[in-house]
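Some notes on the structure that comes next.
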Amino acid sequence: MRFDSKDLTLAIVFAALYAALVIVQGQTAAATIQLRIADCLIPLCALFGWPAIAGVTAGALTSNMFTSLSMSNGVYDVAFGPLANLLAGITVYALRRRRLTACVLASVEIGLIVGSYVWLIFGSPSNIFNVGIPVDWPFWAASIVSITISSLIAIAIIGYALLSILSRRNTVLSLKSRGLKVILLKSEPLHESFQFCQSNDLVKIQAQRIKNLVKRRM
């Protein structure tokens, strides 16, 4: 893995956006019952690769320091929250040919990791989105189920939809024309289309030059 200046810039953008979304959302992005909207950026690791992975990891570190570090046992969230995002991002990137499956697995990974400790910080949930929890459930089990459900909403539904929108032909061509590195699957003919567009533009430029030259001679 080798980062150039564009990769570093993209990673910083992802980190800043992730952290900003969490901080603006507040405790509803960090509690035992949460819906962390910023996690919808994780599926974009399939499209932008390692810069996005680094960004959502660094963003989680920054935001968790803001939301949890001052609380009792908050150090767990600072240490393991970014690790969960790193693992989820790598999973999405590695399984980018099966994007929906990757998003579901990433949601489960975050649910298992974050859910295993978040109850130590914010307490055990008494319900999961207004659905009662059996009284004989251990605290950690209720927490894992709660975080997994919220992660599925943020990653496998909202994030997958965002990834699908940004993966459209016109959007990808626009991103590439701005110098962004977009990861394309071999089954996707976007690269060829992009090259065709570039060639077509060159033909138009050359044709215009010929016209100008003919006008000058006339």
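Here are the numbers for this structure:
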| read-out | value |
| --- | --- |
| So S150, is it surrounded by 18 or more Cβ atoms within 10 Å (Cβ to Cβ) and of a type in the set (S, T, N, Q) | yes |
| Within segment 56-97, tally of residues that are of a type in the set (S, T, N, Q), surrounded by fewer than 20 Cβ atoms within 10 Å (Cβ to Cβ) and touching a residue at least 40 places away in the same chain (Cβ under 8 Å) | 3 |
| Filter result (of a type in the set (S, T, N, Q) and touching a Gly at 6+ places or on another chain (Cβ under 9 Å)) within segment 30-53 | T32 |
| From G89, G26, residue being on the phi < 0 side of the Ramachandran plot and not polar (S, T, N, Q) | G89 |
| Residue match in segment 14-35 (condition: more than 30 Å from A141 (Cβ to Cβ), touching a Phe, Trp or Tyr at 6+ places or on another chain (Cβ under 7 Å) and part of a helix (DSSP H, G or I)) | no |
| Residue within segment 4-13 that is of a type in the set (G, A, S), under 21 Å from L152 (Cα atoms) and either without any contact (Cβ under 8 Å) to a residue 12 or more places away in the chain or assigned to a helix (DSSP H, G or I) (or both) present | no |
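We did not get these values from a lab; they are worked out from the coordinates using the rules stated. Just so it is clear, the model here is predicted, and its values are computed rather than measured. Glycine also receives a Cβ, built like all others from the backbone with ideal geometry; neighbour counts cover every protein chain displayed.
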